[in-house]
Every structure is written in C-alpha cells, then in structure tokens.
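The values are calculated or read from the model by the stated rules, or taken from the named source; none is laboratory data. These numbers come from a predicted model, not from an experiment. Reconstructed Cβ throughout: ideal geometry from the backbone, glycine too, with neighbour counts over all protein chains shown. Calculation scope for accessible area: heavy atoms of the full protein, side chains included, ligands and nucleic acids excluded. Shrake-Rupley method; radii C 1.70, N 1.55, O 1.52, S 1.80 Å.
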Amino acid sequence: MNLQTALPEDPLRPQPAWKRLFYLVRVNSADPTLLLALILLVVFGYLILAPVLLLLVDAVTVHFSDLARTRQDLGELTFYYLNRVLLSPISRDLFWWPLAHTAIISAAAIVIAFLVGAPIGWLLSRTDLMGKKWLSTALLLPYMLPSWTFALAWLTLFKNRTTGGQPGWMETLGLTPPDWLAYGALPIALILALHYAPFVILLFGNALKQFDTQLEDSARSLGASPVVVARRIILPLMMPSLVSAATLIFAKCLGDFGVAYVLGVPVGFDVLATSLFRAISTSQAGASAVLAGMIVLLGTFSIVIDMRLLREAKRFVTIGAKGAMVRQTPLGNLQMPALAWTFMIVLVSAGIPLLALTLTTVMRVPGSFSLDNFTLDYWIGTNLGTTALHQGILLTGEFWLALWNTVWMVGLAALGAGMLGLLVGYAVVRSPVRFVSVALRQITFLPYLVPGIAFAAAYLSMFAVARPPLPALYGTPIILVLAILADQMPFASRAGISSMMQLGREPEEAGQIVGAGWFRRMRSIVLPIQRGALVSAILLPFISGIKGLSLVVVLAVPGTDLLTTYAIRLVDYGYSQAANAVVVMLCIVAFTGTMLVQKIGKANLSDGMGSK
C-alpha cells in the first residue's frame with residue numbers, strides 16, 4: 001500500500017511571477033503609490049523625455065522645407081543636416097567658430113572665476129577677515145540676478161558708436177572704448193566669470209571649511225614651506241571641489257544666451273547658444289536640431305564628469321588625530337588690504353553695474369551728469385517721440401502685460417513644479433517597484449543635463465505641431481508654462497525626494513489604521529508636515545524662472561512676452577534706458593524673492609562660509 005502525503009510549501013522557494021504580480025496588485029489597491037508613480041512616469045515621459053528624443057530624431061530625418069535640397073522623402077533618414085552643420089563650407093560659421101568662441105570664453109571665465117573666487121573663499125572660510133557675514137551675502141549677489149543684466153550694464157558703460165544708438169558713459173565723457181573692450185570675447189568672459197565666481201567661493205570655501213588644519217600643522221612641523229604645504233597637501237585634497245566648480249561653470253557658460261546676445265551678436269561674435277538661436281530664427285529646423293544635440297551632448301558630458309567627481313569626493317576621508325580642527329588664520333597687517341580687495345570685488349561685480357543701470361534710466365544721454373539731463377521720462381514720461389515706445393514703461397501696456405505674464409505664467413509653472421516635485425518625491429521614496437522609482441528619478445533630472453536654449457529647441461520641435469493629446473502650442477502661453485515647469489523639475493523633484501526621505505511611514509500608517517484613505521492621508525498628514533518644503537519648492541523655481549532668458553527667448557512671441565523677453569526686445573529696438581528700467585524692476589523682484597526664500601527656508605546661500 002502506498003501512502004502519499006503532500007509536503008508543505010517551502011516558504012523560501014521563489015514564487016512564480018504571476019503570484020508576485022497578483023500580490024502586488026492586491027497590496028497596491030489599498031495604496032496607489034505605484035499607480036501614482038506610473039502616471040507621473042507617463043506625464044514626464046511626455047513632457048521631458050519625448051521632446052529631447054524628438055529633437056535628436058529631427059537631426060537625422062528630412063524636413064518638409066528641405067525636400068528639394070536632400071532629394072529624399074519627408075521623414076526619411078538623412079545625414080544632410082549633420083553634414084551641413086559639421087562638414088559643409090558653412091559649417092565654420094554655423095558650428096566650428098561658435099564652438100571655438102564658446103570654448104575660449106568658457107576657459108577664460110573659469111580661469112578668471114578661480115583667480116577671483118579662490119582667494120575670497122579662503123579669506124571667508126579660513127581667516128579672521130572683518131565683516132565676513134555681510135561680505136558672504138554681498139559676494140553672492142551677482143548670482144542672484146540674471147547674468148545678462150551685467151551685460152547691459154557693461155554696454156551702458158563701454159558702448160561705442162560701432163552699433164549706433166545712444167552712446168555709453170565712457171564715450172559721453174570723451175573716451176571712446178575700442179571694439180575689443182566694448183564687445184566680443186573679453187567682456188563676455190569677464191561678465192560670465194564674475195557672475196559664476198560664487199560657485200568657486202561656495203564650493204572651494206566650503207571644502208576649505210571642512211579641511212583639517214592639523215594636516216598643515218604636521219607638515220609645517222616637519223619643515224615644509226607654505227608653498228609646499230599648498231602644493232602637496234591643500235591642492236590635492238581640494239581638487240574635487242575645484243574641478244567640480246570648473247565643470248559647473250563650463251556647463252553654465254555653454255547654455256548662457258543673454259550675455260553673448262547683448263555683447264557678441266552686434267559685432268558678429270557668435271557662440272553655440274546664439275548660433276542655435278539664429279538657426280531657429282531662420283527656420284533651419286534640421287540644423288538647429290543638430291546644434292541643439294551638440295549642446296546637449298557637451299552639457300551632459302560636463303555634468304556627468306561633475307557627478308562622478310562628487311561621488312569620488314564622498315569616498316575621500318581626511319585622517320585627523322582626535323578630531324578635525326579648523327583654525328582661523330589671523331591676517332594681522334594684511335587685514336585692511338584683504339578687506340579692500342574683497343570690497344572692490346563686490347563693487348566691480350555688483351555695485352557699479354547696478355548703479356550704472358539705475359542711473360541710466362533717469363538720464364536722457366547716458367553718462368552726462370548735468371542737472372538738465374536727468375529725467376523720469378523713461379519711467380513715467382509721455383510723448384517720448386520714439387516709434388515703438390511712446391510713454392515711460394510704467395505707463396506702457398506692454399510692460400504691465402509682460403509683468404502680469406511673468407507673474408502668472410512663471411507662478412503657475414512654479415506651483416505645478418512644487419506640487420509635482422513633492423508627488424515625485426513621494427512616489428520615488430514609497431514606490432514598491434525599484435525600476436519605476438529609478439526611471440522617474442532619472443527622467444525628472446534630465447532637464448538639468450540640457451542647457452536652456454537646447455531644451456527650448458526640443459520643446460519647439462515637440463509642440464510646434466499638434467502632438468496628441470495636445471494641439472499645436474507655439475504662440476500660446478501653455479508652451480511657456482509647460483517648458484518652465486519641465487525645466488524646473490530637477491530642483492523640484494530633488495527637493496521633494498529629500499523631504500520625503502525624512503518622513504517615516506508611521507504617520508501614514510496611523511491614519512490608515514483609523515480608516516483614512518490615500519487622498520485624506522495626503523491632505524491631512526503629508527502636506528501639512530511637508531508645508532515648509534513645499535513653499536521652498538515653489539518659490540525657488542519661481543525665482544529661477546523669472547530671471548531665466550535662454551529657455552523663453554525661443555518660445556515667447558509678442559503676445560506672450562515675459563519681462564526678460566520684453567527687455568531684450570527693447571534692446572533690439574535701441575531703447576537702452578527703457579530696457580535698463582525693465583531690468584531694474586526684474587532685479588528687484590529676483591532679489592526680493594531670493595531674500596524671501598531664505599527667510600522662509602531659514603537658510604542662507606552663504607551658510608557654511610563666513611556667516612557663521
């Protein structure tokens with residue numbers, strides 16, 4: 001007789017796939033986190049990933065306007081645009097010279113930023129310099145304002161008659177600046193260097209702040225000179241932060257459009273960003289896709305290097321004795337020269353440019369200080385006698401329309417980015433499927449790798465025609481709102497992920513026990529706890545959005561002008577005083593917003609430097 005007994009199922013044996021799927025469906029029916037993550041993945045795949053991929057496809061497929069030139073069918077694979085941009089006789093003007101100009105000004109900006117920023121970073125973090133708290137904030141002021149603001153200030157001071165229009169201050173005072181000083185590579189590199197020098201001050205200064213001075217003391221006790229200590233100990237340990245600052249400055253210079261547009265385009269000095277803008281303006285869709293693709297490639301390469309260096313930096317450990325020690329170096333007799341040098345940098349990088357911009361708005365002839373030259377016409381005047389600007393900007397409908405557009409479009413985009421960033425953080429941290437979590441995190445970070453003007457070109461490729469479920473959006477405010485929202489998602493999503501990682505599951509589980517549904521838990525538990533992070537996640541994209549130009553200059557039309565594009569339009573018309581007035585208003589809004597964010601977030605950009 002045979003006796004057969006069923007053995008109990010081994011709990012350690014892997015379950016079939018269908019059983020695991022059934023278990024996931026049953027569990028997630030009560031908690032729709034996975035469904036939320038999938039919906040967000042679809043939304044951002046459409047708003048971020050699809051435009052970038054479509055841009056790359058546009059670079060190798062035939063467009064309608066080029067059917068005759070390529071002698072191929074519409075949409076067919078072609079290398080015509082790659083050949084035109086990279087190898088044809090016009091490639092030198094279209095790509096290679098702009099690439100060389102971009103490389104030159106980026107390299108010069110990096111060198112100047114290091115020469116300015118590294119000594120200041122050391123003074124603020126490692127010495128007893130007087131007034132460090134005030135200087136730490138004042139030195140970061142250039143980065144709080146739009147970079148092209150300082151290009152307009154430079155033009156106000158050094159403009160000559162090469163491009164016509166109103167004279168600059170120097171010319172009014174009897175000095176005619178040469179073209180190399182008024183336009184081109186030198187002023188562009190100087191302005192970008194001073195604008196991005198805060199990167200060096202922050203990264204290098206904070207790294208020095210963490211550096212154990214006992215290492216220096218040990219080297220000195222063994223007879224090493226200050227030069228040897230700097231070369232053999234400090235510099236190698238500071239190298240990750242220095243290279244990281246260099247790659248970040250390069251990535252920013254690569255996508256910066258406004259400075260080169262104001263100071264380079266009038267004399268034919270193109271960089272990659274202005275060459276791309278010219279290609280878009282002349283309806284060269286294929287060539288612009290190739291140019292944008294090259295900018296994306298270079299931007300991605302630099303950011304990947306930076307991320308790799310940051311990972312390497314986390315592995316570095318400084319070995320001290322009983323604990324790290326940071327000793328302040330007394331400046332002694334060098335106190336006043338160091339203070340004068342730092343104060344001069346504040347004046348040159350922010351004080352003088354902003355003063356020149358503001359004064360020009362109340363001068364008929366820039367640079368003339370006679371009393372009868374001062375006027376408020378460019379603010380509240382009437383019958384100015386100009387073709388496109390009949391009244392002061394405060395009485396002009398276009399200004400108030402641009403201000404209103406800035407507030408509601410950027411505000412709506414920032415609100416959406418903040419809310420979606422929090423949901424992305426929730427989905428990434430709580431999602432039970434790792435693949436979905438990783439994909440969502442990477443896609444929302446993608447705009448950080450794409451310079452603004454290249455991302456705008458991608459949006460133009462995607463939404464210039466109807467793409468279901470959306471109709472053609474070019475010329476409407478919706479494309480601007482969506483582009484700004486998508487462009488700000490790297491910051492919003494990172495803020496959301498960071499804040500959600502600090503929130504345990506216990507509060508939600510308590511709500512679940514008493515029967516609260518997911519929406520009730522979000523409304524009554526998660527959102528109130530994360531209110532501070534949500535406010536910062538909304539205000540930060542708002543400030544970044546109102547001063548950004550590279551992204552919106554391609555997508556805005558006269559009916560949807562923002563303050564940035566309205567100011568550039570006035571520059572194109574030659575109304576420099578009115579353009580400066582708009583920029584002054586923009587600076588006030590940006591600076592006030594930054595201070596507001598720091599107050600609400602109870603943080604300061606200069607924290608970790610000399611402010612504490």
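Return the total of residues in the stretch 47-61 being in a helix (DSSP H, G or I) and either farther than 30 Å from VAL438 by Cα or open to solvent by 40 Å² or more (accessible area, probe 1.4 Å) (or both).
4
Restricting to the stretch 265-281, give me the number of residues that are closer than 15 Å to PHE95 by Cβ, outside any loop (DSSP other than H, G, I, E, B) and open to solvent by 10 Å² or more (accessible area, probe 1.4 Å).
3
So is PRO451 without any contact (Cβ under 8 Å) to a residue 12 or more places away in the chain, farther than 15 Å from ALA37 by Cβ and either of a type in the set (Ser, Thr, Tyr) or open to solvent by 10 Å² or more (accessible area, probe 1.4 Å) (or both) or not? Spell out how you get there, then give the answer.
Details: without any contact (Cβ under 8 Å) to a residue 12 or more places away in the chain: no; farther than 15 Å from ALA37 by Cβ: yes; either of a type in the set (Ser, Thr, Tyr) or open to solvent by 10 Å² or more (accessible area, probe 1.4 Å) (or both): yes.
No; evaluated as a whole, the condition is false for this residue.
Are any of the residues in the stretch 216-234 outside any helix (DSSP H, G or I), among the charged types (D, E, K, R) and open to solvent by less than 40 Å² (accessible area, probe 1.4 Å)?
No, that holds for no residue.
Scan the stretch 537-546 and give yes if some residue there is assigned to a helix (DSSP H, G or I) and either touching a strand residue (DSSP E or B) at 6+ places or on another chain (Cβ under 7 Å) or under 20 Å from LEU36 (Cα atoms) (or both), otherwise no.
So far as the stretch 537-546 goes, yes, one or more of its residues are assigned to a helix (DSSP H, G or I) and either touching a strand residue (DSSP E or B) at 6+ places or on another chain (Cβ under 7 Å) or under 20 Å from LEU36 (Cα atoms) (or both).
Of all residues in the stretch 367-380, how many are over 32 Å from the mean Cα position of the chain (by Cα) and touching a residue at least 12 places away in the same chain (Cβ under 8 Å)?
7
Name the single residue, out of those in the stretch 381-414 being open to solvent by less than 50 Å² (accessible area, probe 1.4 Å) and over 16 Å from LEU570 (Cα atoms), that is farthest from the chain's Cα centre (by Cα).
Looking at residues that are open to solvent by less than 50 Å² (accessible area, probe 1.4 Å) and over 16 Å from LEU570 (Cα atoms), I get GLY381.
Every residue, every condition in (1) at pLDDT 90 or above; (2) closer than 18 Å to ASN580 by Cα, yes or no:
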site	(1), (2)
MET325	no, no
PRO330	no, no
LEU334	no, no
THR342	yes, no
ALA350	no, yes
LEU359	yes, yes
GLY367	no, yes
GLY381	no, yes
LEU384	no, yes
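Can you say whether LEU549 is touching a Ser or Thr at 6+ places or on another chain (Cβ under 7 Å), in a loop (DSSP other than H, G, I, E, B) and modelled with pLDDT under 85, as far as the supplied structure shows?
The answer is yes for LEU549.
Checking the condition open to solvent by less than 30 Å² (accessible area, probe 1.4 Å) and more than 22 Å from the chain's Cα centre (by Cα), which residue from PHE64, PHE44, PHE95, PHE79 passes?
Values: PHE64 fails: open to solvent by less than 30 Å² (accessible area, probe 1.4 Å); PHE44 fails: more than 22 Å from the chain's Cα centre (by Cα); PHE79 fails: open to solvent by less than 30 Å² (accessible area, probe 1.4 Å).
It is PHE95.
Condition first: among the charged types (D, E, K, R) and either touching a residue at least 40 places away in the same chain (Cβ under 8 Å) or touching a helix residue (DSSP H, G or I) at 6+ places or on another chain (Cβ under 8 Å) (or both). Can you find one or more residues in the stretch 522-529 that meet it?
The answer is no; no qualifying residue exists.
Please enumerate the residues belonging to the stretch 156-213 that are closer than 20 Å to ASN580 by Cβ, open to solvent by less than 20 Å² (accessible area, probe 1.4 Å) and polar (S, T, N, Q).
Hits for the stretch 156-213 are THR156, ASN160.
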